[in-house]
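For reference, the structure discussed in these notes is given below.
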Amino acid sequence: MRPTRLTLRDLVSESLAGLSQRPARTVLTMLGTVLGVGSFVAVLGLTATASGQISGAFSVMTATQITITDAGAGSTQQSTVYDFPPGSDSTIQSLNGVLAAGVRWSVGAGPQPVSANLAAGSVPQQIAVSAATPGYLHAIEPRLTEGTLWGEFHEQRTMSVAVIGSGVARQLGIASVASQPAIFIKGQAFTVIGILAGAQRDPTAAITVYIPAATARNHFGNPVSFSPASMLVRTQLGAADLIAHQAPLALRPDDPQILQAAPPPTATVLRDDVLASLNSLFVVLAAITLIIGAVGIANTTLVAVMERTGEIGLRRAVGARRRHIAAQFLTESAAIGTLGGLIGTAIAVSVIVGVAIARHWTAVIDPALTLPAPLIGTVTGLLAGAYPALRAARIEPLEALRR
């Protein structure tokens, strides 16, 4: 007796017939792969797109910002010499390529007692207080929600005014500056003239109180040596390296070594940490989603094997071999996985482009990831259908027909 053969055409025909017998179940099973592969491609694509924006933002920030540090103080006592001379803001702003520059330091080198009420029994809040020159407030690119910033007029007259972050305003119960509310820093009164929602180049702006540098020196003294003053310089794109070399000499021609200027390295480190965290987190989430889809295919294929036991037994009785039965079920699960991978990839690419358009980003779609994505669905279907196919192949004809 000649052994039976199963041609590729017959295999495809039988598999399509098996899938078309229960179209609703086939579609629902395919949804697992659609969601799995789609999530995998979409998550990695959106991560790459978002990473491009984060990387670009940090690169621009690094390329247009330098910090000049007051390195003259070396003891733990209060500085007796203020290494940034008067007029430092205008000196640096006169350099070609500088957009804004200003000096700041932490008053008291730590949080200070701040209150909006001196009534008996009121407890002051511990809040960061920064002394700053007018140029610093412009250099950090603040987002002002109400009021105004102080200027040279307030600085030169050592006026007791303050600009506070929105977090500080909520903490102190200040809703508006229209009535010129006062706050008390270590018992000294300051009139609040502006509220900041934040600042692009100072992440602590929303939780900080800013007061004029000249006023701070009058009331609280020079910066302490273990928390010295620093200058933030915002430059045009490409000018940061040149300004970093010119600034110490321009500020202290008598002793330029007392100041250190360099582009801040923290932005690059933070950018790399953010990108690494995003990539690792989203890859894990995408893999979990893909595993869930594979489990769905395996479960449905196994149920189909149990329901079609009689069909399997009949085919075995008329000459079908074990490998023919296994090949049919593997083909069915691979077809489900492949179709799910194709549909999921198409949906994922649409989602990536749609999100990029909505956010005004540049979509980043890696062909090395997108083109093989349907194959991920195929492999997922094959792996998921392996056990059900082996179980179907082991069914004996006589036992199947008895059922």
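Numbers at a glance
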quantity	calculated
Subset of the stretch 182-203 that is in a loop (DSSP other than H, G, I, E, B) and within 37 Å of the chain's Cα centre (by Cα) - its residue that is surrounded by the most Cβ atoms within 10 Å (Cβ to Cβ)	ASP202
Matching residues, the stretch 300-335, being open to solvent by 30 Å² or more (accessible area, probe 1.4 Å), modelled with pLDDT under 75 and closer than 13 Å to ARG391 by Cα	LEU302, VAL303, MET306, GLU307
Test: ILE357 is hydrophobic (A, V, I, L, M, F, W, C) and at pLDDT 80 or above	yes
Qualifying residue in the stretch 114-132 (condition: in a strand (DSSP E or B), of a type in the set (S, T, N, Q), open to solvent by less than 40 Å² (accessible area, probe 1.4 Å) and more than 17 Å from THR215 (Cβ to Cβ))	yes
Count of residues meeting criterion [open to solvent by 40 Å² or more (accessible area, probe 1.4 Å) and among the β-branched types (Val, Ile, Thr)] in the stretch 336-348	3
Criterion (open to solvent by less than 10 Å² (accessible area, probe 1.4 Å), modelled with pLDDT of 90 or more and not in a strand (DSSP E or B)) met by exactly one of ALA206, ALA162, ALA216	ALA216
Every residue from the stretch 133-150 that is open to solvent by less than 20 Å² (accessible area, probe 1.4 Å) and modelled with pLDDT of 90 or more	THR133, PRO134, GLY135, TYR136, LEU137, ALA139, ILE140
Helices (runs of 4 or more DSSP H) (entirely within the stretch 299-403) containing at least 3 residues that are among the hydrophobic types (A, V, I, L, M, F, W, C) and within 30 Å of the chain's Cα centre (by Cα)	322-359, 373-393
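The values are calculated or read from the model by the stated rules, or taken from the named source; none is laboratory data. The structure presented is a predicted model; accordingly, all values stated were derived computationally and were not measured. Please note: Cβ atoms are built from the backbone with ideal geometry, for glycine as well, and neighbour counts cover all protein chains shown. These area figures cover heavy atoms from the full protein model, side chains too; ligands, DNA and RNA do not enter into them. Shrake-Rupley method; radii C 1.70, N 1.55, O 1.52, S 1.80 Å.
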